[in-house]
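The values are calculated or read from the model by the stated rules, or taken from the named source; none is laboratory data. Owing to the predicted nature of the structure, the values given are computational and were not obtained by experimental measurement. Cβ atoms come from the backbone with ideal geometry, glycine included; neighbour counts cover every protein chain shown.
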């Protein structure tokens, strides 16, 4: 029992000292001047904003923020729980890969961004995972 308590205490202290992002419900936030704020305090969001589907309580979206701007991973999910969209942000701008997925879980598209601008032409896939020529192929 002491061993489990020691592990729990170590994990707890690690989370407290490393500043693990706090989860905030999307309905407790608002957007103003391209930044996101916490409704009750009007402070810029720093943490993870989550939204759940009302009927099945599955996660609908999860977005990381720092000082009111998207910073890190943003994910959106279908009602069946499968990943719909994933993007990386840096200081409020897309930076890295943005990926969309078909409802069956197969990758639909992958586009690279740097400082909010598209880099290259991207990759596109059909529902079976085969590469296609473009977004409407």
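Here are the numbers for the structure shown:
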quantity: For residue 33: the one exception among (1) at positive phi; (2) loosely packed, with under 12 Cβ neighbours inside 10 Å; (3) modelled with pLDDT of 95 or more; calculated: (3)
quantity: Scan of the stretch 91-102 for residues that are more than 13 Å from residue 113 (Cβ to Cβ) and crowded, with 19+ Cβ neighbours inside 10 Å, ordered by number; calculated: 101
quantity: Residue 134 without any contact (Cβ under 8 Å) to a residue 40 or more places away in the chain, within 17 Å of the chain's Cα centre (by Cα) and part of a loop (DSSP other than H, G, I, E, B); calculated: no
quantity: Positions within the stretch 6-26 being part of a helix (DSSP H, G or I) and at pLDDT 95 or above, in sequence order; calculated: 26
quantity: Matching residues, the stretch 31-56, being over 17 Å from residue 90 (Cα atoms), under 17 Å from the mean Cα position of the chain (by Cα) and not in a strand (DSSP E or B); calculated: 53
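Condition check ((1) in contact (Cβ under 8 Å) with a residue 24 or more places away in the chain; (2) in contact with a helix residue (DSSP H, G or I) (Cβ under 6 Å, 6 or more places away or on another chain); (3) crowded, with 19+ Cβ neighbours inside 10 Å) across all residues:
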position: 49; (1), (2), (3): yes, yes, yes
position: 53; (1), (2), (3): yes, no, no
position: 58; (1), (2), (3): no, no, no
position: 65; (1), (2), (3): yes, no, yes
position: 68; (1), (2), (3): yes, no, yes
position: 80; (1), (2), (3): no, no, no
position: 85; (1), (2), (3): no, no, no
position: 89; (1), (2), (3): yes, no, yes
